[in-house]
């Protein structure tokens, strides 16, 4: 999202709050490509979920939730909108992972073919298979990862939403949150350290 895009998004939010009925659709269109890209990025590590759901399915679920929330909540700033959009994408993916890859999930009882990593001699590499994103524990780890982000202190979660979920540059995120670049970097580092400790230094990549 460029600075111009951020400014346009803020104007759209202002129009929405003033009762402009067209602002809602424009707001969703403005964010659609970024949110779809984010969904595709995450589904790459949800191999079991990806067998049953595609990017458009996830996007439709997320956008329905987002529109409902926009109609119920007074969203004033780009930071507020980014937080709301990130929350709904996050929870759609959590629900999918739990539904398909939990103990009673549909994906748990169906094998998903995955190419086995091999060395130059054609032998399967067990350590590579163990770290495959299709492993059930990897899918559950992603759900837990998103849930732990929800539990971060507000200031740290806001930074993660902008940098990790929304893909903003650090300078733009600092401006959006109205903090200095050094403050944003400190909060980003604190969030990463906190999450690394929770996951024993090995959160999802």
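The values are calculated or read from the model by the stated rules, or taken from the named source; none is laboratory data. Bear in mind the structure is a predicted one, so any value in this text is a computation, not a measurement. Don't worry about glycine lacking a Cβ; one is built from the backbone with ideal geometry, like all the others, and counts go over all protein chains shown.
Laid out as a table, the results:
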item: Subset of the stretch 176-190 [in a helix (DSSP H, G or I) and either touching a strand residue (DSSP E or B) at 6+ places or on another chain (Cβ under 9 Å) or free of Cβ contacts under 8 Å to residues at least 40 places away in the same chain (or both)]; result: 181, 182, 183, 184, 185, 186, 187, 188, 189, 190
item: Matching entry among 138, 194, 169 (being within 21 Å of residue 94 (Cβ to Cβ), more than 13 Å from the chain's Cα centre (by Cα) and at pLDDT below 90); result: 138
item: Single unsatisfied condition, residue 77 versus (1) surrounded by fewer than 16 Cβ atoms within 10 Å (Cβ to Cβ); (2) more than 13 Å from the chain's Cα centre (by Cα); (3) modelled with pLDDT under 85; result: (3)
item: Meets criteria (in contact with a strand residue (DSSP E or B) (Cβ under 6 Å, 6 or more places away or on another chain), at pLDDT below 60 and under 23 Å from residue 44 (Cα atoms)) for residue 118; result: yes
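Residues are listed down the side, and each one gets a yes or a no for (1) modelled with pLDDT under 90; (2) in contact with a helix residue (DSSP H, G or I) (Cβ under 8 Å, 6 or more places away or on another chain):
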| position | (1), (2) |
| --- | --- |
| 134 | yes, yes |
| 144 | yes, no |
| 155 | no, yes |
| 158 | no, yes |
| 176 | no, yes |
| 184 | no, yes |
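Conditions tested, residue by residue: (1) modelled with pLDDT under 85; (2) in contact with a strand residue (DSSP E or B) (Cβ under 8 Å, 6 or more places away or on another chain); (3) crowded, with 16+ Cβ neighbours inside 10 Å; (4) under 27 Å from residue 178 (Cα atoms).
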position	(1), (2), (3), (4)
28	yes, no, yes, yes
43	yes, no, yes, no
51	yes, no, yes, no
72	no, no, no, yes
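Here is a yes/no grid of residues against (1) part of a helix (DSSP H, G or I); (2) farther than 25 Å from residue 146 by Cα; (3) at pLDDT 75 or above:
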residue: 7; (1), (2), (3): yes, yes, yes
residue: 10; (1), (2), (3): yes, yes, yes
residue: 16; (1), (2), (3): yes, yes, yes
residue: 20; (1), (2), (3): no, yes, yes
residue: 24; (1), (2), (3): yes, yes, yes
residue: 34; (1), (2), (3): yes, no, no
residue: 48; (1), (2), (3): yes, no, no
